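Step one of this worksheet: look at the structure below.
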Amino acid sequence: MNIPLYIVDAFTNKPFSGNPAAVCPLQKWLDDSLLQSIAAENNLSETAFFIPKGDAYHLRWFTPAVEVPLCGHATLASAHVLFNHLGFIREEIVFETMRGELRIRRMDDLLLMNFPARIPQPVDTPEQLIKGLGLQPMEVCESEETFLALFENENIIRAIKPDFPVLEELHNPDIIITAQGNSSDFVSRFFAPQVGVPEDPVTGSAHCTLIPYWSQRLNKDSLRAQQVSERGGELFCENLGERVQIGGNAVTYAVGEIKGLG
């Protein structure tokens, strides 16, 4: 059996920027070990797999090393594939995931994802975080296995050179660094070396934490964000209380097949 394979650049409207994700539509689940091997072979930050489930789809995400409970850019990429390549015509896509239902709708060129909010709480700054980032944050918060470290400005965020082996020793696998933006409401970068993703180019799931944080800090619910990795990406954000809306563009980079598996 051959498996369809799409490579989609998410949170961008042009190739070679944003965050590339692999998307593999399936008719039934394959062994987890095979899914993990495919993700490792693709060697992108995430590979998404989905199967039909009634009027919805069951969606899972794998890094090159592990399955993860939530991924924004590969969800955006999966919706892009359904809308643009697989003939999906309904107004809204429903994905059933480890984090519950995720709903994605299309508005003009944007795909709008409805995700659960993660409210970060202030914590003492771990010495290992300071050492791993090479700089003392102004403030550190924590939400669901994630550290959020606030810095003074965008230039500092761009200049930080993480020590990934040191960051791997933290008890939380995900690290967000953030600051108010020069030309956007806020900027960020995202590191997850424990799960095989030293730096993720654009991270939708990180904005489940960033949107409530910056909405409260800036006293506004509609926010424009930039992730200032080397590839970079743009996100259009809305604070909905217990949920957040994360919008972005996506473009197809490649379409192919994985041969002789399944």
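The values are calculated or read from the model by the stated rules, or taken from the named source; none is laboratory data. Predicted model, so just to flag it, every value in this text is computed and none were measured. Using ideal geometry, Cβ is built from the backbone for each residue, glycine included, and neighbour counts are taken over all protein chains shown.
Listing for the model above:
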| read-out | value |
| --- | --- |
| Candidates ILE93, ILE157, ILE119, ILE89 - the one that is assigned to a loop (DSSP other than H, G, I, E, B) and under 20 Å from the mean Cα position of the chain (by Cα) | ILE119 |
| ARG118 crowded, with 17+ Cβ neighbours inside 10 Å, charged (D, E, K, R) and either touching a helix residue (DSSP H, G or I) at 6+ places or on another chain (Cβ under 8 Å) or modelled with pLDDT under 95 (or both) | yes |
| Residue match in region 250-260 (condition: of a type outside the set (Phe, Trp, Tyr), in a strand (DSSP E or B) and free of Cβ contacts under 8 Å to residues at least 40 places away in the same chain) | no |
| Strands (runs of 3 or more DSSP E) lying entirely in region 183-235 (those with 2 or more residues that are surrounded by fewer than 18 Cβ atoms within 10 Å (Cβ to Cβ) and more than 13 Å from the chain's Cα centre (by Cα)) | 222-227 |
| Evaluation of GLY87 against (1) at negative phi; (2) assigned by TED's automatic domain parsing to the domain that holds LEU44 (one fails), failing number | (1) |
| Where a residue in region 150-163 is loosely packed, with under 15 Cβ neighbours inside 10 Å and its partner, wherever it lies, is assigned to a helix (DSSP H, G or I) and of a type outside the set (Lys, Arg), with Cβ under 7 Å and at least six apart | ASP163/GLY132 |
| Qualifying residue in region 4-11 (condition: over 24 Å from GLN194 (Cβ atoms) and modelled with pLDDT under 95) | no |
| Some residue of region 69-86 being closer than 15 Å to LEU5 by Cβ, part of a loop (DSSP other than H, G, I, E, B) and either of a type in the set (Ser, Thr, Tyr) or at pLDDT 95 or above (or both) | yes |
| Subset of region 91-105 (residues that are out of contact with any strand residue (DSSP E or B) (no Cβ under 7 Å at 6 or more places or on another chain) and modelled with pLDDT of 95 or more) | none |
| Looking only at region 34-62, and only at residues there that are farther than 17 Å from GLU101 by Cβ and of a type in the set (A, V, I, L, M), the one that is nearest to the chain's Cα centre (by Cα) | LEU44 |
| Strands (runs of 3 or more DSSP E) enclosed by region 1-57 - at least 3 residues per element that are of a type in the set (A, V, I, L, M, F, W, C) and touching a residue at least 60 places away in the same chain (Cβ under 8 Å) | 3-10 |
| Residue identified as under 26 Å from PHE83 (Cβ atoms), of a type in the set (A, V, I, L, M) and part of a strand (DSSP E or B) among ILE246, ILE177 | ILE246 |
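Conditions tested, residue by residue: (1) closer than 18 Å to ASP200 by Cβ; (2) of a type in the set (Gly, Ala, Ser); (3) surrounded by fewer than 23 Cβ atoms within 10 Å (Cβ to Cβ).
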{"residue": "MET1", "(1), (2), (3)": "no, no, yes"}
{"residue": "GLY18", "(1), (2), (3)": "yes, yes, no"}
{"residue": "VAL23", "(1), (2), (3)": "yes, no, no"}
{"residue": "GLN36", "(1), (2), (3)": "no, no, yes"}
{"residue": "HIS58", "(1), (2), (3)": "no, no, yes"}
{"residue": "LEU70", "(1), (2), (3)": "yes, no, yes"}
{"residue": "LEU86", "(1), (2), (3)": "no, no, yes"}
{"residue": "ARG99", "(1), (2), (3)": "yes, no, yes"}
